[in-house]
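So the structure is just underneath, and the comments pick up after that.
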Amino acid sequence: MLQSPRPDTGRRSTRIDALKRAIVDHVTYTLALDQTSANERDVYMSTAWSVRDRLAERWAATQSAYRRDDVKRVYYLSLEFLMGRALGNALINLGLDGATAEAVAELGYDLEVLEEREPDAGLGNGGLGRLAACYLDSMATLEIPGYGYGIRYEHGIFRQRIDADGRQVEMPDNWLRDDNPWEIARPDRTYPVKFYGRVVGEKDSEGRVHFSWVDTSDVLAMAYDTPIPGYCNHTVNTLRLWAAKATEEFDLEGFIRGNYIAAVEAKTQTETISKVLYPPDDTGAGKELRLKQQYFFVSATLQDILLRYKRERKTFTDFPDKVQVQLNDTHPAVAIPELMRLLMDEEGLEWDDAFDIARRTFAYTNHTVLPEALEAWGVDLFSRLLPRHYDLVREIDRRFRDRVAGAFPEDPARVERMAIISGGQVRMAHLAIVGSHTVNGVAALHTQILRERIFREFDELYPDRITSVTNGVTQRRWLLKSNPGLAELITETVGDGWVVDLPQLRGLEEHAADTVFRERWRAIKAANKAALAKVVLAEAGVKMDPHALVDVQVKRMHEYKRQLLNALRLVDLYLRLRDDPALDVVPRAVLFGGKAAPTYWTAKLIIQLINAVAAKANADPAVSPKLQVAFLPDYRVSLAERIFPGSDLSEQISTAGYEASGTGNMKFALNGALTIGTLDGANVEIAEAVGPDNVFIFGLTAEQVAASKAAGYDPRRFVEASPRLRRVLDFISSGALSADNPGLFRPLLDSLLNDDRFMLLADFDAYVAAQDAVDAAYRDREAWTRSAILNVARCGFFSSDRSVREYAERIWKL
């Protein structure tokens with residue numbers, strides 16, 4: 001129940017009064033409730049609407065200014081946008097967090113409690129989607145005319161539950177079960193999207209052939225807009241997400257005849273396109289749905305871009321000078337033939353002009369070096385679902401083959417290796433490279449691997465096309481919002497300029513030797529760890545010692561990220577503590593979090609193993625005082641905001657040469673956690689930035705990994721050479737962690753002993769030694785705190801503001 005607004009008692013903020021009145025008005029006029037019947041949900045919704053109202057005028061003015069100033073616009077196309085919660089972020093960026101907290105308090109509510117009512121907009125799986133969200137925040141803060149385009153999934157990736165046997169259970173993430181106060185439906189921005197059908201060509205009077213895509217199955221894409229506010233400026237950009245709508249609601253005649261289910265079947269199948277993020281692709285139907293999703297949002301987006309452009313211009317001469325499209329991974333790569341189709345079939349342009357415009361318009365960000373993750377579609381599926389695009393891609397491929405053959409006549413096999421269509425597949429990464437003016441990797445090492453190994457031949461053909469832009473994270477959400485205690489200390493020490501200019505954190509360095517400053521720093525970390533302990537108890541049922549070293553690995557579950565290596569060293573530590581409870585080790589609270597794809601059985605088995613280790617260690621009174629292990633279910637943005645501030649050690653242990661960049665590593669370092677990791681992805685640049693004495697680097701380098709594989713890697717050799725490793729594997733093999741099913745984890749062991757593709761066994765001893773070095777360092781409280789301060793102070797490079805500036809200057813040419 002809302003409390004009645006208190007009378008004005010003299011000097012007070014008019015903003016607080018205005019916010020209170022706005023909230024009460026929404027309860028009254030939007031929800032049609034009186035104050036006595038409004039509940040917590042009603043007050044949250046009314047608060048969100050009130051904040052959105054304050055964005056609306058800036059939002060409209062921003063779009064008007066873009067039209068008036070005739071600016072070049074950037075369109076960021078991504079299949080994922082892992083936005084998280086919007087209320088707290090909007091309040092921070094508007095500078096209204098304090099006033100809103102007071103306003104709702106005077107109405108009888110707690111703002112933090114209201115924020116918990118908002119579901120995470122989990123429209124992403126991990127780093128790809130969170131990077132997209134950071135870039136939207138930075139574009140708005142830097143006042144860059146930017147738009148995000150994606151899919152309004154009715155369900156996010158999935159909600160993760162851990163059952164009594166430690167297994168991942170997937171549950172629907174129905175984040176739209178209630179009204180979403182942040183989005184505005186735009187039924188006037190609805191576009192037809194075609195599938196299937198056939199292509200017909202007709203000659204005109206001058207002998208030119210014009211193609212038409214006919215007999216198609218059509219779907220409607222309807223826009224939903226979400227405001228993206230910049231920090232303390234008047235820019236509000238747009239995230240436009242597409243929802244699939246049927247062209248006809250249902251078959252009325254069939255319904256009248258009593259065929260009720262059949263009458264709505266077509267509508268149901270149509271709207272499946274935007275039903276869920278990443279449908280399982282282990283079936284033909286799943287693969288088809290994924291390709292449908294990609295083309296669906298790409299087609300609607302380009303139709304929308306063309307409509308906006310044509311309202312301001314009559315010809316396409318300067319289209320690439322006013323439109324820049326960034327492809328976030330290969331998922332939107334079908335945009336290249338789609339733009340050509342629209343320009344040629346709908347607008348009448350010739351091939352050369354259409355391809356030149358497309359190539360100058362698109363840029364492509366690569367996010368992987370895993371060959372199996374470089375997307376490819378079977379020719380049968382691609383040509384059946386998108387017959388006109390297949391014709392266009394075939395012609396792009398034919399012309400590209402001619403170019404390669406002409407450039408390298410002495411190497412005819414190169415043509416097939418570089419071809420876009422080969423072996424019955426359409427290679428989307430090759431299409432993206434050929435159809436873009438710039439390709440970028442997302443860390444220095446990643447880009448080097450792209451140039452020298454993955455796309456070496458493309459780099460030889462296009463020596464200036466592949467460049468590097470290291471990823472970044474927004475400090476507004478990942479420090480200012482999520483770690484207010486540390487943010488306040490930093491602002492008190494170096495000023496508040498760091499919020500928009502992260503390199504100003506460098507001013508903290510001169511305070512790293514100040515014992516009083518270090519004591520304040522530790523007090524903030526202790527408070528954050530105590531808060532995290534409550535989260536761990538609530539989420540995982542594990543009583544975490546807040547005084548322990550908090551050791552965290554949270555990220556998408558994948559073999560190359562090597563959560564299994566972490567689990568193996570925990571078995572080693574458990575066995576040592578079981579045998580000698582007096583063993584002199586630093587008490588550890590080891591936390592995991594991350595989701596495995598529903599059909600990724602190996603990753604799911606690793607989750608089960610981690611939970612088995614946790615159950616064994618936590619239940620052993622000889623072990624648990626010095627080792628607690630917890631797997632936090634349903635890892636998401638709002639949970640991450642609580643984890644990073646309370647962490648001491650950041651686990652970034654992927655096989656060197658396999659992680660493109662990582663952004664979790666940056667968030668941990670920004671919150672004062674020290675990194676233990678391999679020289680992989682952005683770890684390389686983090687280690688260079690913070691200094692070798694302030695990180696714990698171990699393991700094979702990317703070059704050593706490649707050389708070892710080339711020489712014939714034998715994992716059993718490392719087991720024979722390491723008694724500790726052999727003991728760990730024997731313990732798991734014995735069934736001690738799975739008494740009811742002794743062979744449960746045998747597939748993991750077989751994979752390690754017979755293949756060990758990601759070289760866990762080669763790095764095990766080095767990893768354990770690095771963990772011993774962590775123990776030794778943590779015992780020196782003053783030195784550890786100094787290293788934590790220097791990690792934060794030297795993180796200025798890893799802001800998404802810097803990343804976006806690099807895109808704007810070197811790629812988007814703004």
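The values are calculated or read from the model by the stated rules, or taken from the named source; none is laboratory data. On a predicted model such as this, the values are computed, not experimentally measured, just so you know. No Cβ is skipped: glycine too gets one built from the backbone with ideal geometry, and neighbour counts run over all protein chains shown. All accessible areas refer to the heavy atoms of the entire protein, side chains included, with ligands and DNA or RNA removed. Shrake-Rupley method; radii C 1.70, N 1.55, O 1.52, S 1.80 Å.
List of remarks:
- Condition met for ARG642 (within 19 Å of VAL768 (Cα to Cα) and open to solvent by 10 Å² or more (accessible area, probe 1.4 Å)): no
- Beta carbons closer than 9 Å, at least 6 apart along the sequence or on distinct chains, pair a first residue in the stretch 319-332 that is over 17 Å from ALA660 (Cα atoms) and of a type outside the set (D, E, K, R) with a second that is modelled with pLDDT under 95 and surrounded by fewer than 22 Cβ atoms within 10 Å (Cβ to Cβ) for PHE319/ARG313; GLN324/LEU814.
- All positions within the stretch 179-216 that are within 24 Å of PRO387 (Cβ to Cβ) and acidic (Asp, Glu): GLU202, ASP204, ASP215
- When we screen LEU450, LEU386, LEU392 for residues that are within 30 Å of TYR560 (Cβ to Cβ), touching a residue at least 24 places away in the same chain (Cβ under 8 Å) and among the hydrophobic types (A, V, I, L, M, F, W, C), the only hit is LEU450.
- Restricting attention to the stretch 677-733 and to residues that are of a type in the set (Gly, Ala, Ser), in contact (Cβ under 8 Å) with a residue 12 or more places away in the chain and not in a helix (DSSP H, G or I), the residue that is farthest from LEU760 (Cα to Cα) turns out to be GLY691.
- The stretch 201-223, subset among the polar types (S, T, N, Q) and open to solvent by less than 80 Å² (accessible area, probe 1.4 Å), residue farthest from the chain's Cα centre (by Cα): SER212
- Residue, surrounded by the fewest Cβ atoms within 10 Å (Cβ to Cβ), within the stretch 316-353, restricted to residues that are within 24 Å of ALA376 (Cα to Cα) and among the small types (Gly, Ala, Ser): ALA333
- Filter pass, ALA776 being closer than 30 Å to LEU605 by Cα, of a type in the set (A, V, I, L, M) and without any contact (Cβ under 8 Å) to a residue 24 or more places away in the chain: no
- Condition check for LYS555: in contact (Cβ under 8 Å) with a residue 12 or more places away in the chain, charged (D, E, K, R), within 19 Å of PHE668 (Cβ to Cβ) and open to solvent by 10 Å² or more (accessible area, probe 1.4 Å): yes
Yes/no matrix, rows are residues, columns are (1) crowded, with 19+ Cβ neighbours inside 10 Å; (2) modelled with pLDDT of 95 or more; (3) of a type outside the set (A, V, I, L, M); (4) over 28 Å from the mean Cα position of the chain (by Cα):
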residue: ARG360; (1), (2), (3), (4): no, yes, yes, no
residue: ASN366; (1), (2), (3), (4): yes, yes, yes, no
residue: VAL369; (1), (2), (3), (4): yes, no, no, no
residue: ALA376; (1), (2), (3), (4): yes, yes, no, no
residue: ASP380; (1), (2), (3), (4): no, yes, yes, yes
residue: TYR390; (1), (2), (3), (4): yes, yes, yes, yes
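- Within the set LEU31, LEU79, the sole residue that is aliphatic (A, V, I, L, M) and buried (at least 19 other Cβ atoms within 10 Å of the Cβ) turns out to be LEU79.
- Pairs, first part of a strand (DSSP E or B) in the stretch 201-230, second among the acidic types (Asp, Glu), C-beta under 6 Å, six or more apart: HIS210/GLU202; PHE211/ASP345; TYR224/GLU183; THR226/GLU183
- Summed over the stretch 66-87, the residues that are over 14 Å from the mean Cα position of the chain (by Cα), acidic (Asp, Glu) and at negative phi give a count of 1.
Listed here are the residues, each with its yes/no results for (1) over 19 Å from LEU480 (Cα atoms); (2) assigned to a loop (DSSP other than H, G, I, E, B); (3) of a type in the set (S, T, N, Q); (4) in contact with a helix residue (DSSP H, G or I) (Cβ under 9 Å, 6 or more places away or on another chain).
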residue	(1), (2), (3), (4)
ALA99	no, no, no, yes
VAL104	yes, no, no, yes
GLY108	yes, yes, no, yes
ASN125	yes, yes, yes, no
TYR153	yes, yes, no, yes
PRO181	yes, yes, no, yes
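- Only one of the listed residues (ARG117, ARG161) is in contact (Cβ under 8 Å) with a residue 24 or more places away in the chain, surrounded by fewer than 19 Cβ atoms within 10 Å (Cβ to Cβ) and in a strand (DSSP E or B). That residue is ARG161.
- Residue check, ARG58 over 21 Å from GLN326 (Cβ atoms) and in contact with a Ser or Thr (Cβ under 6 Å, 6 or more places away or on another chain): no
- Qualifying positions in the stretch 28-86 - touching a Leu at 6+ places or on another chain (Cβ under 9 Å), small (Gly, Ala, Ser), touching a residue at least 60 places away in the same chain (Cβ under 8 Å) and assigned to a helix (DSSP H, G or I): ALA48
- Flag if ALA86 is within 30 Å of ASN328 (Cα to Cα), small (Gly, Ala, Ser) and at pLDDT 95 or above: yes
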